[in-house]
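Trainee: Supplied in C-alpha coordinates, the structure appears directly below.
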Amino acid sequence: AARNLAARGVQVWAVGPTACVARYSRSVARFVVAPDEAGDPSLVESLLALVEDQGLQGWVLFPTTDEQVRVVAQHQSLLAGQFRITTPPWEIFRAFYDKRLTSRLAGEAGVPIPACRVPGDRHSLGDVDMTFPIVIKPAVSSRLLRRTNRKAYLATTPQELTCLYADLSRDIEPDEILLQEYLPDPARNLYSYAGFFLDGDPVAGLAAKRPRQFPTDFGRASTFVETADLPELGVLAARL
(Lines give C-alpha, C1' and ligand atoms only; values in the text may rest on other atoms or scores of the structure.)
Protein backbone atom coordinates (compact mmCIF):
# COMPACT_ATOMS: atom_id res chain seq x y z
CA ALA A 1 0.00 0.00 0.00
CA ALA A 2 2.80 2.42 0.91
CA ARG A 3 4.64 1.67 -2.34
CA ASN A 4 1.58 2.37 -4.50
CA LEU A 5 0.66 5.56 -2.67
CA ALA A 6 4.20 6.92 -2.63
CA ALA A 7 4.54 6.26 -6.37
CA ARG A 8 1.61 8.64 -6.86
CA GLY A 9 3.15 11.37 -4.76
CA VAL A 10 1.20 10.64 -1.58
CA GLN A 11 3.31 10.96 1.57
CA VAL A 12 3.01 7.89 3.80
CA TRP A 13 3.72 7.60 7.51
CA ALA A 14 3.60 4.23 9.26
CA VAL A 15 2.65 3.69 12.90
CA GLY A 16 3.37 0.31 14.43
CA PRO A 17 5.38 -1.87 16.81
CA THR A 18 9.16 -1.77 16.84
CA ALA A 19 9.41 -4.92 14.71
CA CYS A 20 7.07 -3.58 11.99
CA VAL A 21 8.60 -4.42 8.59
CA ALA A 22 7.09 -1.29 7.01
CA ARG A 23 9.60 0.90 8.83
CA TYR A 24 12.28 -0.31 6.39
CA SER A 25 10.32 0.60 3.27
CA ARG A 26 11.75 3.36 1.09
CA SER A 27 8.14 4.38 0.45
CA VAL A 28 7.50 5.27 4.11
CA ALA A 29 8.52 8.86 4.81
CA ARG A 30 8.40 8.44 8.59
CA PHE A 31 7.90 5.60 11.04
CA VAL A 32 6.37 6.17 14.48
CA VAL A 33 6.57 3.50 17.20
CA ALA A 34 3.09 2.83 18.58
CA PRO A 35 2.22 1.67 22.10
CA ASP A 36 1.02 -1.88 22.69
CA GLU A 37 -2.07 -2.14 20.47
CA ALA A 38 -3.82 -4.25 23.10
CA GLY A 39 -4.25 -1.01 25.06
CA ASP A 40 -6.99 0.73 23.06
CA PRO A 41 -6.94 4.11 24.84
CA SER A 42 -3.17 4.47 24.50
CA LEU A 43 -3.28 3.76 20.74
CA VAL A 44 -6.12 6.22 20.19
CA GLU A 45 -4.39 8.85 22.31
CA SER A 46 -1.10 8.41 20.45
CA LEU A 47 -2.85 8.82 17.07
CA LEU A 48 -4.65 11.96 18.21
CA ALA A 49 -1.40 13.35 19.67
CA LEU A 50 0.35 12.67 16.36
CA VAL A 51 -2.26 14.73 14.52
CA GLU A 52 -1.89 17.60 16.97
CA ASP A 53 1.92 17.58 17.12
CA GLN A 54 2.62 17.03 13.41
CA GLY A 55 -0.33 18.78 11.77
CA LEU A 56 -1.78 15.66 10.14
CA GLN A 57 -5.42 16.75 10.20
CA GLY A 58 -7.37 15.19 7.35
CA TRP A 59 -4.83 12.44 6.61
CA VAL A 60 -6.29 9.08 5.60
CA LEU A 61 -6.00 6.34 8.24
CA PHE A 62 -5.42 2.74 7.04
CA PRO A 63 -5.34 0.23 9.95
CA THR A 64 -3.57 -2.92 8.75
CA THR A 65 -4.24 -5.58 11.43
CA ASP A 66 -7.49 -6.99 12.83
CA GLU A 67 -6.85 -5.37 16.21
CA GLN A 68 -6.04 -1.99 14.69
CA VAL A 69 -9.24 -2.10 12.63
CA ARG A 70 -11.19 -3.01 15.79
CA VAL A 71 -9.71 -0.05 17.69
CA VAL A 72 -10.49 2.37 14.86
CA ALA A 73 -14.02 0.95 14.43
CA GLN A 74 -14.81 1.15 18.14
CA HIS A 75 -13.41 4.69 18.50
CA GLN A 76 -14.58 6.17 15.22
CA SER A 77 -16.37 9.09 16.84
CA LEU A 78 -13.05 10.31 18.26
CA LEU A 79 -10.79 9.55 15.31
CA ALA A 80 -13.13 10.69 12.52
CA GLY A 81 -12.83 14.25 13.72
CA GLN A 82 -9.12 14.26 12.82
CA PHE A 83 -8.61 11.56 10.17
CA ARG A 84 -10.38 10.35 7.06
CA ILE A 85 -11.53 6.88 8.09
CA THR A 86 -11.41 3.99 5.59
CA THR A 87 -13.00 1.28 7.76
CA PRO A 88 -16.68 0.54 8.48
CA PRO A 89 -18.17 1.18 11.93
CA TRP A 90 -17.97 -1.48 14.63
CA GLU A 91 -21.53 -2.76 14.13
CA ILE A 92 -20.46 -3.86 10.63
CA PHE A 93 -16.86 -4.86 11.23
CA ARG A 94 -17.63 -7.05 14.27
CA ALA A 95 -19.29 -9.56 11.91
CA PHE A 96 -15.86 -10.13 10.32
CA TYR A 97 -13.80 -9.79 13.52
CA ASP A 98 -15.63 -12.61 15.33
CA LYS A 99 -15.57 -15.80 13.21
CA ARG A 100 -18.76 -17.08 14.86
CA LEU A 101 -20.61 -14.08 13.45
CA THR A 102 -18.79 -14.41 10.11
CA SER A 103 -19.95 -18.01 9.71
CA ARG A 104 -23.51 -17.05 10.57
CA LEU A 105 -23.49 -14.12 8.16
CA ALA A 106 -22.08 -16.24 5.33
CA GLY A 107 -24.79 -18.84 5.88
CA GLU A 108 -27.52 -16.20 5.78
CA ALA A 109 -26.03 -14.67 2.61
CA GLY A 110 -25.69 -18.01 0.83
CA VAL A 111 -21.90 -17.89 0.65
CA PRO A 112 -20.38 -21.40 0.83
CA ILE A 113 -18.00 -21.93 3.77
CA PRO A 114 -16.34 -24.89 5.53
CA ALA A 115 -18.48 -26.62 8.14
CA CYS A 116 -18.07 -24.88 11.51
CA ARG A 117 -19.11 -25.94 15.04
CA VAL A 118 -18.88 -24.41 18.53
CA PRO A 119 -18.93 -27.32 21.03
CA GLY A 120 -19.19 -25.04 24.08
CA ASP A 121 -17.29 -27.39 26.40
CA ARG A 122 -14.96 -30.41 26.21
CA HIS A 123 -17.75 -32.82 27.14
CA SER A 124 -19.53 -32.01 23.88
CA LEU A 125 -16.55 -32.80 21.62
CA GLY A 126 -17.79 -36.36 21.06
CA ASP A 127 -21.09 -35.04 19.71
CA VAL A 128 -19.41 -33.09 16.91
CA ASP A 129 -20.12 -34.83 13.61
CA MET A 130 -17.03 -33.87 11.59
CA THR A 131 -14.35 -35.77 9.69
CA PHE A 132 -10.73 -35.59 10.81
CA PRO A 133 -8.47 -33.72 10.47
CA ILE A 134 -10.29 -30.84 12.17
CA VAL A 135 -9.12 -27.25 12.51
CA ILE A 136 -9.40 -25.83 16.04
CA LYS A 137 -9.13 -22.07 16.48
CA PRO A 138 -10.49 -19.11 18.44
CA ALA A 139 -13.39 -16.97 17.25
CA VAL A 140 -11.03 -13.98 17.47
CA SER A 141 -7.55 -14.69 16.06
CA SER A 142 -5.67 -12.32 18.39
CA ARG A 143 -6.71 -14.38 21.43
CA LEU A 144 -4.36 -17.17 20.30
CA LEU A 145 -1.79 -15.09 18.42
CA ARG A 146 -0.75 -13.16 21.53
CA ARG A 147 0.06 -16.38 23.40
CA THR A 148 1.38 -18.77 20.73
CA ASN A 149 1.96 -16.68 17.59
CA ARG A 150 -0.35 -19.12 15.78
CA LYS A 151 -3.83 -18.67 14.32
CA ALA A 152 -5.03 -22.28 14.55
CA TYR A 153 -4.10 -25.93 15.12
CA LEU A 154 -4.92 -29.12 13.22
CA ALA A 155 -6.21 -32.11 15.17
CA THR A 156 -5.79 -35.45 13.37
CA THR A 157 -7.36 -37.72 16.04
CA PRO A 158 -10.05 -37.42 18.74
CA GLN A 159 -7.34 -37.66 21.41
CA GLU A 160 -5.38 -34.81 19.83
CA LEU A 161 -8.55 -32.72 19.56
CA THR A 162 -9.30 -33.23 23.26
CA CYS A 163 -5.77 -32.19 24.26
CA LEU A 164 -5.76 -29.10 22.04
CA TYR A 165 -9.22 -28.09 23.24
CA ALA A 166 -8.13 -28.36 26.87
CA ASP A 167 -5.01 -26.30 26.14
CA LEU A 168 -6.91 -23.51 24.39
CA SER A 169 -9.56 -23.47 27.12
CA ARG A 170 -6.95 -22.28 29.61
CA ASP A 171 -6.75 -18.90 27.87
CA ILE A 172 -9.89 -18.71 25.75
CA GLU A 173 -13.53 -18.98 26.83
CA PRO A 174 -14.95 -22.34 25.63
CA ASP A 175 -17.78 -20.64 23.73
CA GLU A 176 -15.11 -18.81 21.67
CA ILE A 177 -13.39 -22.01 20.46
CA LEU A 178 -14.36 -23.13 16.97
CA LEU A 179 -14.00 -26.45 15.16
CA GLN A 180 -13.85 -26.16 11.40
CA GLU A 181 -13.69 -28.47 8.40
CA TYR A 182 -10.14 -28.65 7.01
CA LEU A 183 -9.72 -27.73 3.35
CA PRO A 184 -6.55 -29.51 2.15
CA ASP A 185 -3.58 -28.13 0.26
CA PRO A 186 -3.99 -24.42 1.14
CA ALA A 187 -0.99 -23.45 -0.98
CA ARG A 188 -2.92 -24.46 -4.11
CA ASN A 189 -6.33 -23.21 -3.03
CA LEU A 190 -5.79 -20.01 -1.06
CA TYR A 191 -7.29 -16.86 -2.54
CA SER A 192 -8.25 -13.43 -1.26
CA TYR A 193 -10.55 -10.68 -2.40
CA ALA A 194 -10.09 -7.05 -1.41
CA GLY A 195 -13.07 -4.89 -2.22
CA PHE A 196 -14.16 -1.30 -1.77
CA PHE A 197 -17.89 -0.94 -1.21
CA LEU A 198 -20.00 2.20 -0.94
CA ASP A 199 -23.38 1.76 0.74
CA GLY A 200 -23.18 -1.94 -0.01
CA ASP A 201 -22.38 -1.54 -3.69
CA PRO A 202 -19.00 -2.70 -5.09
CA VAL A 203 -16.92 0.17 -6.46
CA ALA A 204 -13.60 -1.62 -7.03
CA GLY A 205 -12.02 -4.94 -6.17
CA LEU A 206 -9.02 -7.18 -6.61
CA ALA A 207 -8.74 -10.97 -6.47
CA ALA A 208 -5.41 -12.53 -5.57
CA LYS A 209 -3.88 -15.97 -5.20
CA ARG A 210 -1.60 -16.56 -2.22
CA PRO A 211 0.59 -19.56 -3.13
CA ARG A 212 3.10 -18.94 -0.35
CA GLN A 213 2.45 -17.99 3.26
CA PHE A 214 4.09 -18.29 6.67
CA PRO A 215 3.50 -20.59 8.43
CA THR A 216 2.54 -22.84 5.53
CA ASP A 217 -0.54 -24.33 7.24
CA PHE A 218 -2.33 -21.38 8.86
CA GLY A 219 -0.43 -18.36 7.67
CA ARG A 220 -0.06 -15.12 9.59
CA ALA A 221 1.27 -13.43 6.44
CA SER A 222 1.54 -14.10 2.73
CA THR A 223 5.08 -14.07 1.37
CA PHE A 224 4.11 -14.32 -2.31
CA VAL A 225 0.90 -12.98 -3.83
CA GLU A 226 -0.23 -12.63 -7.42
CA THR A 227 -3.39 -11.10 -8.88
CA ALA A 228 -5.96 -13.54 -10.25
CA ASP A 229 -8.85 -13.28 -12.71
CA LEU A 230 -11.67 -14.75 -10.62
CA PRO A 231 -14.90 -12.74 -11.09
CA GLU A 232 -16.82 -15.20 -8.90
CA LEU A 233 -14.87 -14.00 -5.84
CA GLY A 234 -16.17 -10.48 -6.39
CA VAL A 235 -19.72 -11.81 -6.69
CA LEU A 236 -19.45 -13.68 -3.37
CA ALA A 237 -17.81 -10.73 -1.64
CA ALA A 238 -20.59 -8.39 -2.77
CA ARG A 239 -23.18 -10.86 -1.52
CA LEU A 240 -21.49 -10.98 1.86
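Trainee: If I histogram all Cα-Cα distances within the chain using bins 10 Å wide from 0, what percent of pairs lands in each bin?
Mentor: Histogramming the chain at 10 Å steps yields 6, 25, 35, 25, 8, 1 percent.
Trainee: How large is log10 of I(q)/I(0) for segment 1-118 at q = 0.17 Å⁻¹ when the intensity is taken from the Debye formula with one equal scatterer per alpha-carbon?
Mentor: For segment 1-118, the Cα-only Debye profile gives -0.91.
Trainee: Between 132, 224, 62, find the one with the highest GNM mean-square fluctuation for the chain; connect C-alpha pairs within less than 10 Å.
Mentor: With Cα springs under 10 Å in the chain, the top fluctuation among 132, 224, 62 is at 224.
Trainee: Mind checking segment 196-240 for trypsin sites (Lys or Arg not before Pro) that DSSP puts in a loop (not H, G, I, E or B) and that have at most 16 other Cβ atoms within 10 Å? Don't jump to the answer; show the numbers that get you there.
Mentor: Working: sites: 209, 212, 220, 239; in loops: 220.
Of the trypsin sites (Lys or Arg not before Pro), the ones in loops of segment 196-240 whose Cβ has at most 16 other Cβ atoms within 10 Å are 220.
Trainee: Next question. For Cα pairs less than 8 Å apart in space and 6+ apart in sequence, what is the mean separation divided by the residue count of segment 70-190, i.e. the relative contact order in percent?
Mentor: On the way: 143 pairs, mean separation 32.6, N = 121.
Reported relative contact order: 27 percent.
Trainee: Measuring from centroid to centroid over Cα atoms, what is the spacing of segment 158-206 and segment 56-89 in Å?
Mentor: Cα centroid of segment 158-206 versus Cα centroid of segment 56-89: 24 Å apart.
Trainee: Taking the chain as a Gaussian network, where each spring joins two C-alpha atoms under 10 Å apart, which residue of 174, 184, 88 fluctuates the most?
Mentor: The residue that fluctuates most here is 184.
Trainee: A further question follows. Quick one: Cα convex hull volume of segment 170-220, Å³ per residue?
Mentor: On the way: hull volume 8.0 nm³, N = 51.
Expressed per residue, the convex hull around the Cα atoms of segment 170-220 is 157 Å³.
Trainee: Something else about it: Roughly to the nearest percent, how much of the accessible area of the chain is carbon and sulfur, given a 1.4 Å probe? Walk me through the numbers before you get to the answer.
Mentor: On the way: 7710 of 14580 Å².
Taking all protein chains in place, the chain shows 53 percent carbon and sulfur surface.
Trainee: Report, to two decimal places, the Cα Rg of segment 92-213 normalised by 2.2 N^0.38 Å (N = number of residues).
Mentor: Details: Rg = 15.8 Å, N = 122, 2.2 N^0.38 = 13.7 Å.
For segment 92-213, the normalised Cα radius of gyration comes out at 1.16.
Trainee: Another question about this same structure. Using a Förster radius of 25 Å, what is the FRET efficiency between residue 7 and residue 228 based on their Cβ-Cβ separation? Nearest 0.05, please.
Mentor: Details: r = 22 Å, r/R0 = 0.90.
E between residue 7 and residue 228, to the nearest 0.05, is 0.65.
Trainee: Give me the number: length gained by fully extending residue 188 to residue 157, i.e. 0.36 nm times residue separation minus the C-alpha to C-alpha distance, one decimal in nm. All intermediate terms of the calculation are to be shown ahead of the outcome.
Mentor: Working: separation 31, 0.36 × 31 = 11.16 nm, distance 2.45 nm.
Computed gain between residue 188 and residue 157 is 8.7 nm.
Trainee: Using amide H atoms built in the peptide plane, which far-off residues or other-chain residues are under 5 Å from residue 28 H to H?
Mentor: Residues meeting the criterion, in which the H sits 1.01 Å from N, do not exist here.
Trainee: 222 nm [θ] for the chain, helices only, -39500 (n - 2.57) per DSSP H run of 4+, per residue, to 500?
Mentor: On the way: 10 runs with 86 residues, N = 240.
That comes out to -10000 deg cm²/dmol.
Trainee: Averaged per residue, what accessible area in Å² does segment 119-161 show with a 1.4 Å probe, protein chains only? Please report the intermediate quantities before stating the final value.
Mentor: Values: 2310 Å² over 43 residues.
Accessible surface, normalised per residue, equals 54 Å².
The values are calculated or read from the model by the stated rules, or taken from the named source; none is laboratory data. Treat the numbers as computed from the prediction; the structure is a model and nothing was measured. Backbone-built Cβ (ideal geometry, glycine too); neighbour counts: all protein chains shown. Accessible surface is based on the protein model in full, side chains and every heavy atom, while ligands, DNA and RNA are left aside. Shrake-Rupley method; radii C 1.70, N 1.55, O 1.52, S 1.80 Å.
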